1. Hey, can you tell me all the residues within region 75-99 that are in a loop (DSSP other than H, G, I, E, B) and either of a type outside the set (A, V, I, L, M, F, W, C) or closer than 23 Å to Ala35 by Cβ (or both)?
2. Give region 1-16 a look and list any residue that's of a type in the set (A, V, I, L, M, F, W, C), surrounded by 12 or more Cβ atoms within 10 Å (Cβ to Cβ) and either part of a helix (DSSP H, G or I) or modelled with pLDDT under 95 (or both), or say none.
3. Considering only region 18-50, state which residues are under 21 Å from Gly86 (Cα atoms) and among the small types (Gly, Ala, Ser).
4. Considering region 79-95 alone, what residues qualify as being β-branched (Val, Ile, Thr) and either within 9 Å of the chain's Cα centre (by Cα) or open to solvent by less than 30 Å² (accessible area, probe 1.4 Å) (or both)?
5. Tell me, please, whether a residue that is open to solvent by 50 Å² or more (accessible area, probe 1.4 Å), modelled with pLDDT of 95 or more and in contact with a strand residue (DSSP E or B) (Cβ under 7 Å, 6 or more places away or on another chain) can be found in region 17-30.
6. Counting only residues that are surrounded by 14 or more Cβ atoms within 10 Å (Cβ to Cβ), of a type in the set (D, E, K, R) and farther than 21 Å from Ala96 by Cα, how many does region 32-57 have?
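The values are calculated or read from the model by the stated rules, or taken from the named source; none is laboratory data. If you're wondering where the values come from, they're calculated on a predicted model, not measured in any experiment. Every residue, glycine as well, gets a Cβ built from its backbone with ideal geometry; the counts of neighbours run over all protein chains shown. The accessibility values were calculated without ligands, DNA or RNA, using every heavy atom of the protein model including side chains. Shrake-Rupley method; radii C 1.70, N 1.55, O 1.52, S 1.80 Å.
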Amino acid sequence: MRVIALKTLREFWERPEYADSQGQLEAWYREARKARWSDPMEIKTQYRAASILKGGRVVFNIAGNKYRLVVGINYPTKTVFIKFIGTHKQYDQIDAETI
């Protein structure tokens, strides 16, 4: 998969209060780059705790659900778009299907 954009993840983990997310976000990024997901069920097979939303959106739990990562996936083009990364509390304040 092509992941757009690593910069968003990096900017998040470089903040001192979120530094503990770096290892898991880097691991997720490496796994996503290697993946060839063709539908949401393939994601659920790999990430059982992932939440599949409408419109190609997927929510991943990071660092034991301390953080939430929302992505949009275009399956035909094998492209993953980072839409949001934040704490669980910050996630509760957004609409993951439209952000």
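1. Across region 75-99, the qualifying residues are Tyr75, Pro76, Thr77, Lys78, Asp92, Gln93, Asp95, Ala96, Glu97, Thr98, Ile99.
2. As a first pass, look at region 1-16 and keep what is of a type in the set (A, V, I, L, M, F, W, C): 1, 3-6, 9, 12-13.
Checking the rest, the ones that are also surrounded by 12 or more Cβ atoms within 10 Å (Cβ to Cβ) come to 1, 3-4, 6, 9, 12-13.
Correct list: Leu6, Leu9, Phe12, Trp13.
3. Within region 18-50, Ala19, Ser21, Gly23, Ala27, Ala32, Ala49, Ala50 qualify.
4. Step one: filter region 79-95 for residues β-branched (Val, Ile, Thr), giving 79-80, 82, 85, 87, 94.
Those that are β-branched (Val, Ile, Thr) and either within 9 Å of the chain's Cα centre (by Cα) or open to solvent by less than 30 Å² (accessible area, probe 1.4 Å) (or both): Thr79, Val80, Ile82, Ile85.
5. There is at least one residue in region 17-30 that is open to solvent by 50 Å² or more (accessible area, probe 1.4 Å), modelled with pLDDT of 95 or more and in contact with a strand residue (DSSP E or B) (Cβ under 7 Å, 6 or more places away or on another chain).
6. Residues in region 32-57 being surrounded by 14 or more Cβ atoms within 10 Å (Cβ to Cβ), of a type in the set (D, E, K, R) and farther than 21 Å from Ala96 by Cα: 0 in total.
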